[in-house]
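Structure record follows, encoded as structure tokens.
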Amino acid sequence: MTPTEVFLQLVRGVCDRRYDELPDLYAEQTDVRHPLSPYGDKPLLSRQALREHFAAVVPRAGAAIRFEPANLRIHETKDPEVIVAEFDYAGTVIETGEPFTVPCIFVLRIRDGLIVESRDYLDHIAMSRARGRLDELIAVLREPVGEPAAS
């Protein structure tokens, strides 16, 4: 698969909540980071770590929102393994019908059809708002620097 095809499988899998399939898009040893995460940028360095990460998402994801990737712009780079994907998660809050948009940029290195490195930048405030989880986010932001974030 090309880097673009892998990326599209990734975002479609997230939107379709196929969390159990997503780790298979990554190499056994990988380096996935979320540099802007208010919950802390905890590197995910293996397929097993990603399996655990996605399993933890399931109870938090809930059915509060429905969303799709939108406004996709995929930029190839001089390095054939690296793409930069700009897109939005665009959807609806199920309870209220309110629309939302979460801007994202992913920088991916894909080798032999597997993600070996990823930097995922997304608007965590917009996602927390859409999921009705702003109170949880605010509590995390109030924690003293250096203290472990609540899960």
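The values are calculated or read from the model by the stated rules, or taken from the named source; none is laboratory data. Every value quoted in this text rests on a predicted model; they were computed, and no experiment measured them. Methodologically, a virtual Cβ is constructed for each residue, glycine included, from the backbone with ideal geometry; neighbour enumeration extends over all protein chains shown. Surface accessibility is based on the protein's heavy atoms, side chains included, excluding ligands, DNA and RNA. Shrake-Rupley method; radii C 1.70, N 1.55, O 1.52, S 1.80 Å.
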Using beta carbons and a limit of 6 Å, which pairs, at least six apart or on different chains, have the first residue in segment 6-26 and closer than 18 Å to Cys104 by Cβ and the second one surrounded by fewer than 17 Cβ atoms within 10 Å (Cβ to Cβ) and β-branched (Val, Ile, Thr)?
Tyr19/Val57; Tyr19/Val58
Failed item in (1) of a type in the set (Asp, Glu); (2) within 15 Å of the chain's Cα centre (by Cα); (3) assigned to a loop (DSSP other than H, G, I, E, B), with Asp120 passing the rest:
(3)
Residue match in segment 119-142 (condition: touching a strand residue (DSSP E or B) at 6+ places or on another chain (Cβ under 8 Å), within 13 Å of Val11 (Cα to Cα) and among the acidic types (Asp, Glu))
yes
Quick check on this structure: which one of Ala85, Ala70, Ala56 is touching a residue at least 40 places away in the same chain (Cβ under 8 Å), surrounded by fewer than 16 Cβ atoms within 10 Å (Cβ to Cβ) and hydrophobic (A, V, I, L, M, F, W, C)?
Ala56
Looking only at segment 18-37, which residues are open to solvent by 40 Å² or more (accessible area, probe 1.4 Å) and either of a type in the set (Ser, Thr, Tyr) or at pLDDT below 90 (or both)?
none
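To keep it simple, each residue is scored yes or no on (1) among the small types (Gly, Ala, Ser); (2) assigned to a strand (DSSP E or B).
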position	(1), (2)
Met1	no, no
Glu5	no, no
Leu8	no, no
Arg12	no, no
Tyr19	no, no
Pro23	no, no
Glu28	no, yes
Ser37	yes, no
Asp41	no, no
Against the conditions (1) without any contact (Cβ under 8 Å) to a residue 24 or more places away in the chain; (2) open to solvent by less than 70 Å² (accessible area, probe 1.4 Å); (3) at positive phi, where does Gly40 fall short? Just the number, please.
(1)
Selected residue (only one of Gly132, Gly97 is more than 19 Å from Pro38 (Cβ to Cβ), part of a loop (DSSP other than H, G, I, E, B), open to solvent by less than 80 Å² (accessible area, probe 1.4 Å) and not charged (D, E, K, R)):
Gly97
Just give me the residues in segment 100-128 being touching a residue at least 12 places away in the same chain (Cβ under 8 Å) and more than 19 Å from Thr30 (Cβ to Cβ), in sequence order.
Phe100, Thr101, Val102, Pro103, Asp123, His124, Ile125, Ala126, Met127
